[in-house]
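> Structure incoming, see below.
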Amino acid sequence: MRSVLAGDLGGTKCRYALVGEDFTVHRVQHVATVRERPAFLAGLERAIAAVLADLPPGLDAPQAAGFGTAGVVPPAGGSILQAPNLPLDGFPLAAHVQQRFGLPTTLVNDGRASAWGEFLRGHAVGRDPLLCLFFGTGIGIGLIVGGKPYGGAANAAGEIGHTTYRPDGHACPCGARGHFEAYCGGRAITERAAQDLGSAPTGQWTVGGVVAAAGGTDPRARAAQSLLDEAALAACTLVENACTLLNPAAVVLGGGVLDGWPDLRARIEAHVRRHVRPPVSAVAFAPSLGGSDAILWGAAAATGALWP
Ligand SMILES: [Zn+2]
């Protein structure tokens, strides 16, 4: 059976594996992400060598490699720009992997890879157009149109987290003010908690920690709830706007913010059903598959070597 080498390059960890054309995932290797480029590349090469060392029975050697990655992938698809947590800014990663392992290599933004995986094999199979939104540290998006990720003219479409929610509002991690990500991105929520609520019971605020503080007997419950209400309104408005603009057949919601704050999912869905005009009664909502198999499938799809 044909296979490709697939990777998921994230700001915290990277994952490498073989993906078969039946979507099975084999020989997964995890590597913690480090911020120094030589150490990062050494870890990547060790992990890929381990994946390729011993092929599972029935699987052919991979003919191509595809990596889903945080950041912007320029139209030529060979490098990564603006991935704040990866030490690869401008580095020709595709050429590097091709040279070391002899595999033609494709890079794809991880939000798009996840959406493609959800569309091919995950929780929204065949739903077209498909809108996937990931509320993580930042806000990721993947839009599938005509069975393929939509990239825009310069492969930079979809930065909805950096559209404006409140002009001159909170400072966004990107340097601008008032963007959605500054209200409902995970980093913004936990930074605001540290600012408004003081130190966390466990040392560092997580979104789940803020939710627990809002619901418990913590004297800061009211302040925590008001912070969450502000974030929820921004998240609901963002998905409402996206649905009005795109009229998707399905919306997949995922990311660490929703893992720590499961109620937000129902709140977003109810808000969209109530506010989008014309109403979107036919739209399906689904949770993302989680883990990173969807990213691996999307990265494998981006190579064009397995599926049409
Ligand atoms: Zn921004």
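All of the numbers you see were taken from the coordinates with simple rules; none came from a lab. Just so we're clear, the structure is a prediction, and the values are computed from it rather than from any experiment. All Cβ positions, glycine included, derive from the backbone under ideal geometry; neighbour counts span all protein chains shown.
> Within the stretch 111-130, list the residues whose amide N lies under 15 Å from a label point set 7 Å along Cα→Cβ of Phe23.
114-128
> Continuing with this model, one more query. Please list, in chain and number order, the residues 5+ apart from Thr137 or on another chain whose amide H is under 5 Å from its amide H, with Hs placed from the backbone.
Under 5 Å from the amide H of Thr137 lie the amide H atoms of Gly186, Gly256, each far enough along the sequence or on another chain.
> Which residue, chosen from Ala64, Leu228, Ala302, occupies the Cα position most advanced towards the positive end of the dipole of the chain, where the dipole is computed from +1 (Lys, Arg) and -1 (Asp, Glu) charges on Cβ about the Cα centre?
So the residue we want is Leu228.
> Restricting everything to alpha-carbon atoms, can you work out Rg to Rh for the chain with a Kirkwood hydrodynamic radius?
Checking Rg against Rh, the ratio lands at 0.99.
> Follow-up question, since we're still on this one. If you stretched the chain out fully between Thr164 and Ala39, how much longer would it get, using 0.36 nm times the residue separation minus the C-alpha to C-alpha distance?
41.3 nm
> Distance from the Cα centre of the stretch 4-43 to that of the stretch 279-308, in angstrom?
Spelled out, the Cα-based centre of one part sits 18 Å from the other.
> Could you work out how far apart the two model spin labels at Cys174 and Leu246 are, taking each label as a point 7 Å from the Cα in the direction of the beta carbon, and quote it in nm?
Output for this residue pair reads 1.5 nm.
> So what are the ³J(HN,Hα) numbers for the stretch 43-55, from phi and the Karplus equation (6.51, -1.76, 1.60; θ = phi - 60°), rounded to whole Hz, Gly and Pro as x?
Per residue, the Karplus-derived 3J(HN,Hα) values read x, 4, 5, 4, 5, 5, 4, 5, 4, 7, 4, 8, 6 Hz.
> Ranked highest first by average number of other Cβ atoms within 10 Å, how do 21-30, 167-176 line up?
21-30, 167-176
> Now for a different question. Working out 0.36 nm times the residue gap between Asp229 and Val125, then minus their Cα-Cα distance, what length gain in nm do you get to one decimal?
Extra length from Asp229 to Val125 when fully extended: 34.2 nm.
> In whole Hz and in residue order, list the ³J(HN,Hα) couplings for the stretch 294-308 that follow from phi through the Karplus curve 6.51 cos²θ - 1.76 cosθ + 1.60, θ = phi - 60°; x for Gly and Pro.
The phi angles translate into 4, 5, 5, 4, x, 5, 5, 4, 4, 6, x, 8, 10, 10, x Hz.
> Counting only residues 5 or more places away or on other chains, whose amide H sits under 5 Å from the amide H of Leu107 once H atoms are built in the peptide plane?
Phe67
> Using only Cα atoms, locate the centre of the stretch 141-209 and the centre of the stretch 49-113, then give the distance between them in Å, rounded to an integer.
When both Cα centres are located, 26 Å separates them.
> Residue by residue through the stretch 188-198, what is 3J(HN,Hα) from phi via Karplus (6.51 cos²θ - 1.76 cosθ + 1.60, θ = phi - 60°)? Round to whole Hz and write x for glycine and proline.
Those phi angles translate into 5, 5, 6, 5, 5, 4, 4, 6, 8, 10, x Hz.
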